[in-house]
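The values are calculated or read from the model by the stated rules, or taken from the named source; none is laboratory data. Source: prediction; values computed, not measured. Positions of Cβ are generated from backbone atoms using ideal geometry, with glycine treated the same way; all protein chains shown enter the neighbour counts. Please note that ligands, DNA and RNA were not included when accessible areas were found on the heavy atoms of the full protein model with its side chains. Shrake-Rupley method; radii C 1.70, N 1.55, O 1.52, S 1.80 Å.
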Amino acid sequence: MKKEELRQKLLHSITDSEWRRLERRDSTLHIGGFNREVLLRMREDRDCPEGDVPDQTVTGLSDALKAYLGQYMADCPEGRKWVILSCLYLACVKGVPLHPQETTRWTMCENGYVCPSHSGRNSICGYCICRESAKDETT
């Protein structure tokens with residue numbers, strides 16, 4: 001699917017009421033500040049990258065996030081939607097790291113993004129643009 005088509009699908013999965021609540025920073029929405037800002041930027045994005053994203057990548061990341069969040073956000077199912085939408089936008093549309101830099105301390109080097117918290121291809125990290133840090137790599 002085209003990246004802009006995916007962005008539009010993500011946008012339309014948020015209701016008008018939810019958009020208003022996001023804009024008002026409604027604390028009952030169960031969304032972190034980073035994900036709120038990602039979604040608000042997604043809405044205003046006028047520079048969507050061209051290109052395609054494989055459907056299996058979108059489905060794979062979505063399924064991996066649902067499983068992960070089902071375990072680690074079991075007590076807040078209403079907050080999972082925001083994480084999933086943000087991650088799909090960041091990884092599949094924009095091609096940028098899934099976490100804020102302050103959280104994982106990823107760095108940008110001449111070969112791309114490097115993340116000291118990257119846990120390999122058999123996790124959600126496998127969908128992130130970041131690479132694992134090499135022990136002798138300098139950034």
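Kindly indicate which of Glu18, Glu37, Glu102 is over 18 Å from Arg7 (Cβ atoms), in a helix (DSSP H, G or I), of a type outside the set (Gly, Ala, Ser) and free of Cβ contacts under 8 Å to residues at least 40 places away in the same chain.
Working: Glu18 fails: over 18 Å from Arg7 (Cβ atoms); Glu37 fails: over 18 Å from Arg7 (Cβ atoms).
Checking each option against the conditions leaves just Glu102.
What's the total number of residues in the stretch 46-80 that are in a helix (DSSP H, G or I), free of Cβ contacts under 8 Å to residues at least 24 places away in the same chain and open to solvent by 40 Å² or more (accessible area, probe 1.4 Å)? Explain how you work it out, then say what you get.
So the first thing to find is which residues in the stretch 46-80 are in a helix (DSSP H, G or I), and the list is 55-72, 77-80.
When the remaining residues are screened for being free of Cβ contacts under 8 Å to residues at least 24 places away in the same chain, the result is 56, 59, 63, 66-67, 69-72, 77, 80.
With the extra rule that they be open to solvent by 40 Å² or more (accessible area, probe 1.4 Å), the set shrinks to 56, 59, 63, 66-67, 71-72, 77, 80.
The number of residues fulfilling the criteria is 9.
When the stretch 10-40 is examined, which residues are found to be surrounded by 13 or more Cβ atoms within 10 Å (Cβ to Cβ) and under 19 Å from Leu98 (Cα atoms)? Spell out how you get there, then give the answer.
Just the residues of the stretch 10-40 that are surrounded by 13 or more Cβ atoms within 10 Å (Cβ to Cβ), to begin with: 10-11, 14, 18-19, 21-22, 26, 29-32, 34-40.
Within the stretch 10-40, Leu10, Leu11, His30, Ile31, Gly32, Phe34, Asn35, Arg36, Glu37, Val38, Leu39, Leu40 meet the criteria.
Can you name every residue in the stretch 84-139 that is modelled with pLDDT of 75 or more and on the phi > 0 side of the Ramachandran plot?
Hits for the stretch 84-139 are Gly95, Arg105, Gly112.
Quick check on my filter: what residues within the stretch 68-96 are in contact with a helix residue (DSSP H, G or I) (Cβ under 7 Å, 6 or more places away or on another chain) and not aliphatic (A, V, I, L, M)? Walk me through how you get there before you give the answer.
Of all residues in the stretch 68-96, those in contact with a helix residue (DSSP H, G or I) (Cβ under 7 Å, 6 or more places away or on another chain) come to 68-69, 73, 80, 82-93, 96.
Within the stretch 68-96, Tyr68, Arg80, Trp82, Ser86, Cys87, Tyr89, Cys92 qualify.
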